[in-house]
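The values are calculated or read from the model by the stated rules, or taken from the named source; none is laboratory data. The shown structure was predicted, so the numbers you read here are calculated from the model rather than taken from an experiment. Here the Cβ positions follow ideal geometry from the backbone for every residue, glycine too, while neighbour counts run over all protein chains shown. We work out accessible area using only protein heavy atoms, side chains counted, and drop any ligands, DNA or RNA first. Shrake-Rupley method; radii C 1.70, N 1.55, O 1.52, S 1.80 Å.
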Amino acid sequence: MSKSGRAQEPLPATGDPRNAFTEHLKALRGQSGLTFREMAEQSNYSPTSLTAVTRGKKLPSWDVTAAFVRVCGGDEEQARRLWEEAACAAGRPVPAVDSDQDPPDPMTAASVAEYMERLNDLRAWSGLSLRKLDDRSTRHEALPRSTISDNLRRTSLPDTSFMFRYLKACGLTDDQAQPWLTTYDRLAEKENAAAAAAAVTAPSPQPDPRRWAVFLRRLLGFSEVVLDRIPHERARYTRRSALHLIFLISNGAVAFVGISAFAGVFWALFVAIPIVYMDFVTNKAVVVSLNTQVSQRRRYKGAVPHLVLLALAGLIIAEPLMLQLYQVPIENQVTVARTANYNTTIDRLRICNPVAYTTELPSGCASFTLALDNRTTLHRQRLAQLKRAVADQKDKVDDGEKTVANLQQIARLECAGLSLLGGSDIVGEGPRCMQTRRGADRVLALQRNDKERLHQLQTEFTGLTFQIGATIDRAINSRARSIFTDPIGLLERQEAFTAVSRHNTLILTSAIGLRVLIILLPMSVVLLTLLEKNSPYQRLLQEDLDQFLNNFRAQSTQQLHELLTSITDLLQRATDQGPTAQLNTDTLVKHLTEVHKQLTAITESTREHRNDQQ
């Protein structure tokens, strides 16, 4: 064994501040080379207490820690910082560093205003910023900076759950926090008694005689009970409710006008009514939620999803209305686009549907091929045969003309006595003169018959070509005419509107402005409520909510106390009767079930109220 005592195993490196604190103390003792008995002789603590400091099972007090660090010759400021981090991780209160100065005395507070001043003085005494107080709060007892700031600015007593967390974060021990809680209970009873006396002696508020105004305010979710206590605010919230109703009617009218132009009155009503109802429900829910939340950050965070939903509803309404307002330029653009499409379609149909039948068509003609009747198909096949027959007959006629011309040339040379291969060179007496002439006459007679046959084939070809061409032209015109006769669809209008906006800056600018206006229209009520900060109505509504939750928790606590007393009495009677007594198990289970229900109700109400405060 070394002089420093028995070696201790290091704690696992889990990133826990408590482990870091313990390892730091172990390192200090190792550097000092002192045993726990030697350290006890130099301090006022036993070796057992000093040994427990380095075991890490339980966080020691600061007094023990300071004595340990001084004996080992360590840095007290560094040790204090590590001890505070470990205390925060363990959920223990951290007292102020300057223990010579006492915290503010809450017992001298005679009113709620003085008590709230003492709470602010307590934070100044602790020397902690809002961020530091937030860091000191544990995960299960969160204390956000916004919650601290809002509660310290209150003119009424804060919630009891906030008091417990705030006093603990400021570093007060249980004994130091007890006077604060005692004074809190005294002032709360005094405040409740004053409120009850004022309710008895004060004249009851007169209700608003204007029933239509009451209906409008209730329609939006405003509390008449609260407004009766501040009658000067009635006109303000009546105007707010009327504005909400006007916006709802405007949204419905815009949606009806925009959709009825394309889908008819029935579908316009079918779409407009749900949109108006959704706007109404969303606005009412958001207004009620925003008026009962204190934290401005919480208000913004809760309103964002509803604002996005209302913006989408406004965007759905805006697009059909834009198409209706700019109908004339949109229809002109559609006409231009359809004319270009018509010309392109006509040219393509003529290429893909020739008069003569053929199996070799250009690529991309599958969707442009016309479905012709059987008679026209037979005529096209006949036309293809005639085309080949005319070509063959024309070749035959051309060959015959060449043969006739050759024979006539030979006859002229033979009869003129000109030099000719195989000729007699005698004028008018050549042996081939008359023979060649007769041969030329016979070929010429056959040539006339071939020409007549060619003429017949060409006449038939021309007539059949005209007939088939007329049929195909009618089919092409019928198909292409549908481009102009088809109704203008919503997608086609949107594409035309996009093209018009791209080429017309004035239309583009006005369309963007109208879109923004229509999108902001359903969001206006939520935005107005969101921008309103700490109005008298909101303060009274929050105080009523706090009072309701405090009363509920007080009643639940009282019932819980009575149930626990019953259980204690039941167990005491069973103990007094001796080991042979029989315990009424059913009664005990029933009481325990009631205790569980009460604890669950108190926990849920506290959690909901904490979320609202945040």
Only one residue in Glu319, Glu414 is in a helix (DSSP H, G or I), at pLDDT 75 or above and among the acidic types (Asp, Glu), so which one is that?
Glu319
Of the candidates Leu444, Leu454, Leu407, the one satisfying the condition of being modelled with pLDDT of 85 or more, surrounded by 12 or more Cβ atoms within 10 Å (Cβ to Cβ) and either more than 30 Å from Val355 (Cβ to Cβ) or of a type in the set (A, V, I, L, M) (or both) is Leu454
Going by the conditions given, is Ala389 small (Gly, Ala, Ser), touching a residue at least 60 places away in the same chain (Cβ under 8 Å) and under 30 Å from Thr459 (Cβ atoms)?
yes
Go through the residues of the stretch 7-17 one by one and say whether even a single one is surrounded by 14 or more Cβ atoms within 10 Å (Cβ to Cβ) and either under 27 Å from Ala177 (Cα atoms) or modelled with pLDDT of 80 or more (or both).
yes
Which residues, taken from the stretch 214-237, are of a type in the set (A, V, I, L, M, F, W, C), buried (at least 16 other Cβ atoms within 10 Å of the Cβ) and modelled with pLDDT under 80?
Leu216, Leu220, Phe222, Val226, Leu227, Ile230
Considering (1) modelled with pLDDT of 85 or more; (2) within 30 Å of Ala340 (Cβ to Cβ), say which one Asp392 fails and leave the rest.
(2)
Number of the exception - Tyr166 against (1) part of a helix (DSSP H, G or I); (2) at pLDDT below 80
(2)
Matching entry among Gly314, Gly302 (being touching a helix residue (DSSP H, G or I) at 6+ places or on another chain (Cβ under 8 Å), crowded, with 21+ Cβ neighbours inside 10 Å and modelled with pLDDT under 80):
Gly314
Out of all the residues in the stretch 147-163, which are in a helix (DSSP H, G or I) and without any contact (Cβ under 8 Å) to a residue 12 or more places away in the chain?
none
Is it fair to say Arg338 is open to solvent by 30 Å² or more (accessible area, probe 1.4 Å) and on the phi < 0 side of the Ramachandran plot?
no
Taking Phe68, is it modelled with pLDDT of 80 or more, in a helix (DSSP H, G or I) and either closer than 25 Å to Ala169 by Cα or touching a strand residue (DSSP E or B) at 6+ places or on another chain (Cβ under 6 Å) (or both)?
no
When the residues of the stretch 99-135 are narrowed to those that are under 21 Å from Arg80 (Cβ atoms) and part of a loop (DSSP other than H, G, I, E, B), which ends up farthest from the chain's Cα centre (by Cα)?
Asp100
Considering only the stretch 267-281, I want to know if a residue exists there that is open to solvent by 70 Å² or more (accessible area, probe 1.4 Å), of a type in the set (Ser, Thr, Tyr), at negative phi and assigned to a helix (DSSP H, G or I).
yes
Can you name every residue in the stretch 367-381 that is assigned to a helix (DSSP H, G or I) and either of a type in the set (Asp, Glu) or open to solvent by 90 Å² or more (accessible area, probe 1.4 Å) (or both)?
Asn374, Arg375, Leu378
